Structures are given as structure tokens and as C-alpha cells.
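Taking it in order: structure first as C-alpha cells, then the write-up.
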Amino acid sequence: MTYRGGVEIAELLELEHEGWSSLCDGTGADFYGGLMTPDAVMVLAHGLAMDREAVIASLNDAPPWQAYDISDERLVEIDADTAALIYTGRAYRGSEDHFHALMSTVYTRCDGQWRLALYQQTPIPPMG
């Protein structure tokens, strides 16, 4: 689907899948180091707001996820070069260790390339 300024949800969703794949194969630090703007921030579910350098350092030490899935994707176009991708994400590290959250990623187009400016997680509590 193309939005009024020409933003394609599929293009940003592909970046999101590439990011999650990098978190599964242990290359997240390199991937996000290249994707994030110099002043980007990630606001994580456990209460931390991390700048680009802190994200890269933490991903170097993070255990990989085994699998993930993305659902309920929506795009909020801010302008022709800025959009927020919102979705429900789940990630798994074995049968007992999983993460479920509502996620928002704000992308901005710099020199023709999409870059991550802001990422935010809101945990979804277990049902039942």
C-alpha cells in the first residue's frame, strides 16, 4: 500500500524484518549501527532509553532470538520522508522465554535511504 507522500509500507516492513533477522543471527549491532541515525533513540520495554552507541554496545552482548513474528502492521505517514511503522511483535528464545510487545519505529529518509530515528516498545502482558 502506498500512502499520500509515496511511502510504501512494504519497504519499511522489509527493513523491520531485516532488523529482526539480524537479532536472530547475531548481526544486530552491525545492522542497527548502519540503520540508525546518529541521534536515534530506542525506548525499550524494560524502561531504558538508549542512544545509538548504547544500542550497538548492548547488541554485541545480547543472546540471539530464535524466531520472531510481526503482525497487525500499520503505517502513519508524517510527511513524504518520515513515517512510523506500528506493529505487534513476538520474539522467542526457547519455549519459556518470549517477548510480546506493541512496537513503533519512526523512519526518516536521508539521502534517499530510510534510517531509523526512534524505536519504542510497549510490553503486552500475558493473557489469562
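Each residue of segment 71-81 is assigned a 3J(HN,Hα), and the resulting list reads 9, 6, 6, 9, 10, 10, 7, 8, 7, 4, 10 Hz, derived from the Karplus form 6.51 cos²θ - 1.76 cosθ + 1.60 (θ = phi - 60°), x at Gly and Pro. Positive end of the dipole of the chain, charges at C-beta (+1 Lys, Arg; -1 Asp, Glu), about the Cα centre: which of Ala29, Thr105, Ala80 has its Cα farthest in that direction? The Cα lying farthest towards the positive end belongs to Thr105. Relative to the Cα centre, the charge distribution of the chain, modelled as +1 at Lys and Arg Cβ and -1 at Asp and Glu Cβ, gives a dipole magnitude of about 240 debye.
At 18 angstrom or more along the helix axis (alpha-carbon based) and mean Kyte-Doolittle of 0.0 or higher, what helices does the chain contain? Whole DSSP H runs only. TM-like helix candidates: 9-25. Across the chain, the relative contact order, built from alpha-carbon pairs under 8 Å that are at least six residues apart, equals 24 percent. Dimensions of segment 9-123 from C-alpha coordinates, computed as largest minus smallest value along each principal axis and given longest first, are 42, 30, 25 Å.
No value in this document is a laboratory result; all are computed from the given coordinates. Since the structure is predicted, the reported quantities are computational estimates derived from the model, not experimental observations. So basically every Cβ, Gly included, is an ideal-geometry build from the backbone, and we count neighbours across all protein chains shown.
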